[in-house]
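Okay, so here's the structure we're looking at.
The values are calculated or read from the model by the stated rules, or taken from the named source; none is laboratory data. On a predicted model such as this, the values are computed, not experimentally measured, just so you know. We place every Cβ from the backbone using ideal geometry, glycine too, and count neighbours over all the protein chains shown. Just the protein is used for accessible areas: all its heavy atoms, side chains included, with ligands, DNA and RNA removed. Shrake-Rupley method; radii C 1.70, N 1.55, O 1.52, S 1.80 Å.
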Amino acid sequence: MTFLDLKQKEVINCRDCKRIGCVADIEFDPCNGQICALIVPAPARFFSCFGKEDRYCIRFCDVVRIGPDIILVDVCLEDVRVKENEFHKG
């Protein structure tokens, strides 16, 4: 599976069966090449075009299943939401 295959899949949370969004980026370990996390943009807020966008950083161990059309995850969205200014700090 390629990164482009992942980007075409919707991410669905098993806890509430709601759509989180589509994969925008991945975080991987450069030493072994394994995926560490999926990065999904958080929904835009009102007037978000004037500010930075938050993201969900979903650890790969929280992925339940990768199907042909969707990726099922089991996360608490408040725990995986990362503010844009914190995202680049690591």
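Within segment 21-36, residues that are within 17 Å of V80 (Cα to Cα) sit with their Cβ atoms under 8 Å from residues that are open to solvent by 90 Å² or more (accessible area, probe 1.4 Å) and aromatic (F, W, Y), at 6+ positions apart or across chains, in these pairs: I35/F28; C36/F28. Checking each residue in segment 73-90 for being modelled with pLDDT of 95 or more and either open to solvent by 50 Å² or more (accessible area, probe 1.4 Å) or of a type in the set (F, W, Y) (or both) picks out only D74.
A residue that is of a type outside the set (S, T, Y), at pLDDT below 95 and at positive phi can be found somewhere in segment 30-43. Screening K52 on (1) open to solvent by less than 80 Å² (accessible area, probe 1.4 Å); (2) at pLDDT below 95 shows it passes everything except condition (1).
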